[in-house]
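Encoded as structure tokens, the structure appears first; notes follow it.
The values are calculated or read from the model by the stated rules, or taken from the named source; none is laboratory data. Note that the structure is predicted; figures quoted are calculated from it, not measured. Here Cβ is always computed from backbone atoms with ideal geometry, including for glycine, and neighbour counts include all displayed protein chains. With ligands, DNA and RNA removed, areas are computed over all heavy atoms of the protein, side chains included. Shrake-Rupley method; radii C 1.70, N 1.55, O 1.52, S 1.80 Å.
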Amino acid sequence: MTKDSSRAPGRPRRLRAALVLSAVGLLAVAGAVVLPGSASAATTLGASAAEQGGRYFGTAVAVNKLNDSAYTTILNREFNQVTAENEMKIDALQPQQGQFNFGNGDRLVQHARSRGMQVRGHTLAWHSQQPGWMQNMSGTTLRNAMLNHVTQVATHYRGQIAWWDVVNEAFQDGSSGARRDSNLQRTGNDWIEAAFRAARQADPNAQLCYNDYNIDNWTDAKTQAVYRMVQDFKNRGVPIDCVGLQSHFTGGSNYPGNYRTTLSSFAALGVDVHITELDIRNAPSDAYRNVVNDCLAVSRCKGITVWGIRDSDSWRSNESPLLFDGNGNKKAAYNAVLTALNSGNPGGGDPTPAPTTPAPGGCTATITPGQVWGDRYNTSVTVSGASTWSVVVVITAPQRISATWSGNPTWDGSGNVMTMRSNGSGNTFGFTTMMNGNSSARPQIRSCTVG
């Protein structure tokens, strides 16, 4: 996403230890104060998110505003993650073919990392904001230029970027669920896969994400199309670690009631989910609160990034969509977000994941929670669309499956991924999971295949 007026809005540990007084000043810098024998809620967005399972609450940053003291005061106080608004896009980093300009990107990374903030790289491959030289390319020449850009940029920032938006906005809007017709798409349908493989080779430790807008509503064709791509990538071993939902909402009514289902359904594929570019017209407190609560309810939702700090910094500034007004004052939505973060997970763990969506000729697996005891719980899974099947279930460590029924199970080397195959006992199988100290996580379905 960028400040581009041609695009319509909408398109787009918890510390609980008692500390001696001499340590209070240090902790206050992080946004929380804990006095001896007491516990206190965090007072900034990033600090509070970090208490919720090490999540982040971040913002998009424009490097030219780092000289604005009012801007940087809020940035440094409130956030523990940053995304470059424009400085890491293709036209900014490689304005002339083979001539890379890392100056502004490096400045942002240095500012963030010197303050303990994580950095999201945005974006390696995109149909938009390409420099002129790339716009004039096609076919194999363009494919090679794209892959070289991915490799050179990811290599330059190796070890400094936590997540890369490897590919951005590759699907079109509407009911078709089709790929966007772009110069990159016309190099071959495998261009997205090729970009992810190049990024993994260049920076093996960065988390690799697909990022898009209007994939918030679970029932939308575009959401389902992206879901099927991620499912395919996971099944074939294409290196993808996360999905980013931009979540540019036009208002409270644009926040979909099934948003949590979308988050949990992507997570059930075995990828993390991120809310990457959040802004909501007129900043309604309820919509912001709902987004935070939905993220907290899904264990693989790793964090939220708002697309700008003050309303005056927003690409949608006339809609007042952010948590701080143009003067840097906290808005009601800010208080709603901080309260939701400090309240922790409102749902006591992941909600029941939506059933997996079958690929053509595939099957569907639906989880039903069972009885819960103090140290363990039961789960059943019902398969439809096939009489012989194989279902992959993922468990969050240190939890372990202690018993199974009505299926033939095998495990991977970690013991966290179980493949259950039909054994003639019907289409419902079950298992018991020992919590081992983790009472909030719940199993996720990665895939369901016939045979």
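Solvent exposure of the stretch 45-343 amounts to 33 Å² per residue of accessible area, where only protein heavy atoms count and the probe is 1.4 Å. Could you run the Karplus curve 6.51 cos²θ - 1.76 cosθ + 1.60 with θ = phi - 60° over the stretch 198-210 and give me ³J(HN,Hα) per residue in whole Hz, x for Gly and Pro? Residue by residue, the stretch 198-210 yields 5, 5, 4, 5, 6, 9, x, 9, 6, 7, 9, 10, 9 Hz.
Extension gain, Arg421-Gln110: 0.36 nm per intervening residue step, less the Cα-Cα distance, totals 107.0 nm. According to the square roots a ≥ b ≥ c of the eigenvalues of the Cα gyration tensor, what is the shape class of the chain, taking rounded for a/c under 1.5, prolate for a/b larger than b/c otherwise, and oblate for the remainder? In terms of gyration-tensor shape, oblate. Straight-line reach from Lys234: taking Cα to Cα under 20 Å and skipping same-chain neighbours fewer than 8 places apart, the aspartates and glutamates in range are Asp165, Glu169, Asp190, Glu193, Asp203, Asp212, Asp272, Asp412. Neighbours of Met435, meaning other residues whose beta-carbon lies under 11 angstrom from its beta-carbon, give a summed charge of +2 when Lys and Arg score +1 and Asp and Glu score -1.
Around the amide H of Val273, modelled in the peptide plane, lie the amide H atoms of Val243, Cys301, Lys302, all under 5 Å away and 5 or more residues distant in sequence or on another chain. Remark on Arg376: its backbone amide H falls under 5 Å from those of Met435, a criterion applied only to residues 5 or more positions apart or on other chains, H modelled at 1.01 Å from N.
Cα centroid separation, the stretch 82-122 to the stretch 201-229: 22 Å.
Rounded to the nearest 500, the 222 nm mean residue ellipticity of the chain from helices alone is -8000 deg cm²/dmol, with -39,500 (n - 2.57) taken per DSSP H run of at least 4 residues. Summing +1 for each Lys or Arg and -1 for each Asp or Glu, what net charge is found among the other residues whose Cβ lies under 14 Å from the Cβ of Met134? Residues near Met134 contribute +2 overall. For Lys65, the lysines whose Cα comes closer than 23 Å to its Cα, not counting residues fewer than 8 places off in the same chain, are Lys3, Lys89, Lys330, Lys331.
Note on the chain: with neighbouring protein chains present and a 1.4 Å probe, carbon and sulfur make up 47 percent of its accessible heavy-atom surface.
Amide H contacts for Phe79 (H built 1.01 Å from N in the peptide plane; partners 5 or more residues away or on another chain; cut-off under 5 Å): Gly46.
Residues within the reach of a label modelled at Asn64 (point 7 angstrom out along Cα to beta-carbon, backbone nitrogen below 15 Å), restricted to the stretch 292-316, are 313-315.
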